[in-house]
1. Given a cut-off of under 8 Å on Cα pairs at least six residues apart, what relative contact order in percent is computed for the stretch A:72-186?
2. In whole angstrom, how far apart do the alpha carbon centroids of the stretch A:76-143 and the stretch A:1-74 sit?
3. Could you list B:Arg27, A:Arg24 so that the one with the fewest beta carbons within 10 Å of its beta carbon is first and the one with the most is last?
4. Quick check on the exposure proxy: order B:Met50, B:Met28 from fewest to most C-beta atoms within 10 angstrom.
5. Where does the charge balance sit around A:Ala101 when Lys and Arg score +1, Asp and Glu -1, over other residues with C-beta under 11 Å from its C-beta?
6. Test of understanding: extend the Cα→C-beta vector of A:Gln116 to 7 Å, then name every residue of the stretch B:35-55 with backbone N under 20 Å from that spot.
7. Residues of B:53-60, mean number of Cβ from any other protein chain within 10 Å of their own Cβ, rounded to a whole number?
8. Who wins for biggest fluctuation among A:Thr131, A:Thr77, A:Thr55 in a Gaussian network model of chain A, springs between alpha carbons below 10 Å?
Amino acid sequence: MTEFARQVETLRPQLLRYARSQLRNDAWAEDAVSETLLAALEKPQSFSGQSQLKTWLVGILKHKVIDQLRRHSRECTIFSEDDETDIDELLFAADGHWREAPQEWGNPEQSLGQRQFFEVLELCVEKLPATQGRVFMMREWLELGTDEICKELSITSTNLWVMLHRARLRLRECLQQGWFAGRPMT
Amino acid sequence: MVFSRSCREVTRLVLESEDRELPLADRMALQIHWRICDGCTKFRDQARLMRQAMKRWRSYRDDGEDGDSGTPSS
């Protein structure tokens, strides 16, 4: 095995973790990563060396992950019971007021400067219901526009808005409980 | 009132503004609501913090040094 191949191979676990968090399916994630590594090994000359190897591979992986999403679009958009939960009903009273008013989260840098915060964030993203999680990650990690997401998954924009809305409210709830609750904010 | 919105509606608008530019009337409604509603002002700040967090998380993932965490090493 060449040195290049060895370096590529050492990044496999990390790439697999990223692919899993986006696809929420182990088999598809394996395929996306295998295709990524193959593409890298077949065309090592397209790695200019100007960016890090990891950055280059993640760039390829994002394309392969989108291929998988497209290929499995129907299975990707099945709503589980969790996906269907109307978070708004839990957060708001019938008159549209907060049941429990949002709390102060304090100075962002206090949280964003800490490694543990991002560990909680990752866990919270993982805990999103599968379909919401996929859509949220398409937006936040793959950085696709809302029109593109609708197109790739063949869903209506109404569906997409509902899913993004619920995903973000869940994420907020999870961060509140997993990180901000009990922390004195200045 | 023309610009009157419930907290529930304001929350939806705040989250939608993460993904699209809101019409002028909605932006006006948000400004007016935030002046009188402490809860929604806090929610707005929470949404901002989450946006900053996702941005930083993405750059650690995509460009960060090797290592398996994808998080800052402080």
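Every read-out reported here was derived from the displayed coordinates using simple, explicitly stated rules and does not represent laboratory data. What you are looking at is a predicted structure, and each value in this text was computed from that prediction instead of being measured. Because the Cβ atoms are built from the backbone with ideal geometry, glycine has one as well, and the counts that use them run over all protein chains shown.
1. Numbers: 82 pairs, mean separation 42.0, N = 115.
Relative contact order comes out at 37 percent.
2. Distance between centres, Cα-based: 27 Å.
3. Numbers: B:Arg27 14, A:Arg24 19.
Ranking B:Arg27, A:Arg24 by Cβ neighbours within 10 Å, fewest first, gives B:Arg27, A:Arg24.
4. Working: B:Met50 21, B:Met28 13.
Fewest to most other Cβ atoms nearby, the residues stand as B:Met28, B:Met50.
5. Numbers: positive: A:Arg99, B:Lys42; negative: A:Glu100, A:Glu104, B:Asp38.
Around A:Ala101, the charge tally is -1.
6. Hits in the stretch B:35-55 for A:Gln116 at 20 Å: B:50, B:53-54.
7. Working: counts 10, 8, 2, 6, 8, 4, 0, 2.
The shielding value for this peptide is 5.
8. For chain A, modelled as a Gaussian network with Cα springs under 10 Å, the answer is A:Thr55.
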